[in-house]
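The values are calculated or read from the model by the stated rules, or taken from the named source; none is laboratory data. If you're wondering where the values come from, they're calculated on a predicted model, not measured in any experiment. Here the Cβ positions follow ideal geometry from the backbone for every residue, glycine too, while neighbour counts run over all protein chains shown. Heads up: the accessible areas ignore ligands, DNA and RNA and are worked out on the full protein's heavy atoms, side chains in. Shrake-Rupley method; radii C 1.70, N 1.55, O 1.52, S 1.80 Å.
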Amino acid sequence: MKKIHFLSLIVILLCISLTGCKSSDYKEAVSLEEAGEYSAALAIFEELSDYKDSANRIISCKAMIAAIDEYEAAKSNVEQKNASLDAEISEAENTISEGKTPLDNALIPALETVISETKAVKATIPEMPSTVDEINEVVSKLNSVNYDVAIERLRSQKETLETSIKQYSLVNAPSEAYVIQCLSKVPNVADISAVTEDNDPNGNLNKAGGYTAQVYFSSDLVNQASVYGNSIIEKGTDCGGSIEVYPNASDAEKRNDYLASFDGSIFASGSHTVVGTVLVRTSDELTASQQKALEANIIAELTNIENY
């Protein structure tokens, strides 16, 4: 009988000891869970699966661990996307900062605008919330981040500016040979002749403020029999037009302004337009629509990116 009582006492003591141990472990697990150490807490709760609300806490810890993993993955993904976006923006900004002149100056502020708009769509990654539902909501928003449209628009605008820069380089003091090469491909341009210092009718070739090349051309749109002169150079711009190349845009604009002073008078010599440092002129013998079309075709060939 005494043995039975003694054994019962041992069992009771063991139960009390085990219960005390579980209580201590449970408190530790709760503290770990509250501190955000969900994996460590989960390991203890799984040992105490039948103690108090350990089963529910196991579910909660697993849910939090899964949510955190998804948040970290979504965060990493957006960080990579942001880095790629920043690289695209940096490249676009470098294109502007190089300071190269485009054929169309309006393309610089246009790209600046697109850069600003692209920066505005960049996602800010929020700190991880404290509940599963809040974390899942943030993850959903992070997973929806997509810069494809913004990047494509930025690239397109950057490439447009880069193309314009290349076009300007083609008409930035081009060589006489280049001008002749281009004119030979223009519809309605017939014969071509470049002036020399000996036969330059204006006497401005290679002089300060003057052109570095002047190339006259005839056009099959003009009745050559009605134009005075025995050669293209003698007939001058009237037989079709001419290209005057200047060392800088300022000199080209000065020459253009000089010609503009005669517009509408009996001394008018046809249309005249500056592109880069080149002055494109067409004959007054052409109709206004013919002048416009011929001028456009000449400029298109001079700035043809395939010539770059």
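Taking the conditions exactly as written (at negative phi, open to solvent by less than 20 Å² (accessible area, probe 1.4 Å) and part of a helix (DSSP H, G or I)), does ILE298 satisfy them or not?
yes
State which residue pairs qualify: first residue among the charged types (D, E, K, R) and inside the range 31-59, second residue surrounded by fewer than 17 Cβ atoms within 10 Å (Cβ to Cβ) in any location, beta carbons under 7 Å apart, and separation of 6 or more residues or different chains.
Short answer, once both residue conditions are applied: GLU47/ASP25.
Scan the range 209-224 and report the pairs whose first residue is within 15 Å of ASP191 (Cβ to Cβ) and part of a loop (DSSP other than H, G, I, E, B) and whose second residue is at pLDDT 95 or above and open to solvent by less than 50 Å² (accessible area, probe 1.4 Å), with Cβ atoms within less than 8 Å and a gap of 6+ or a chain change.
Going by the 8 Å Cβ cut-off, the qualifying pairs are LEU221/GLY240; LEU221/LEU286; LEU221/LEU294; VAL222/CYS239; VAL222/GLY240; VAL222/SER283; VAL222/LEU286.
Only one of (1) open to solvent by 30 Å² or more (accessible area, probe 1.4 Å); (2) part of a helix (DSSP H, G or I) fails for ASP284. Which number is that?
(2)
Table: residues versus (1) crowded, with 16+ Cβ neighbours inside 10 Å; (2) within 18 Å of HIS272 (Cα to Cα); (3) under 40 Å from the mean Cα position of the chain (by Cα).
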{"site": "SER169", "(1), (2), (3)": "yes, no, yes"}
{"site": "ALA173", "(1), (2), (3)": "yes, yes, yes"}
{"site": "GLN181", "(1), (2), (3)": "no, no, yes"}
{"site": "PRO187", "(1), (2), (3)": "no, no, yes"}
{"site": "GLU197", "(1), (2), (3)": "no, no, no"}
{"site": "LEU205", "(1), (2), (3)": "yes, no, no"}
{"site": "CYS239", "(1), (2), (3)": "yes, yes, no"}
{"site": "GLU253", "(1), (2), (3)": "no, yes, yes"}
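Here is a yes/no grid of residues against (1) within 25 Å of LEU170 (Cα to Cα); (2) touching a strand residue (DSSP E or B) at 6+ places or on another chain (Cβ under 8 Å):
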| site | (1), (2) |
| --- | --- |
| ASP191 | yes, yes |
| ASP200 | yes, yes |
| ASN206 | yes, no |
| ASP220 | no, yes |
| ASN230 | no, no |
| ASP238 | no, no |
| ALA296 | yes, no |
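With the condition kept exactly as written, say whether any residue in the range 260-270 is over 25 Å from ALA208 (Cβ atoms), open to solvent by less than 30 Å² (accessible area, probe 1.4 Å) and modelled with pLDDT under 95.
Yes, some residue in the range 260-270 is over 25 Å from ALA208 (Cβ atoms), open to solvent by less than 30 Å² (accessible area, probe 1.4 Å) and modelled with pLDDT under 95.
Examine the range 290-299 for a residue that is at pLDDT below 95 and not acidic (Asp, Glu), and state whether such a residue exists.
Within the range 290-299, not a single residue is at pLDDT below 95 and not acidic (Asp, Glu).
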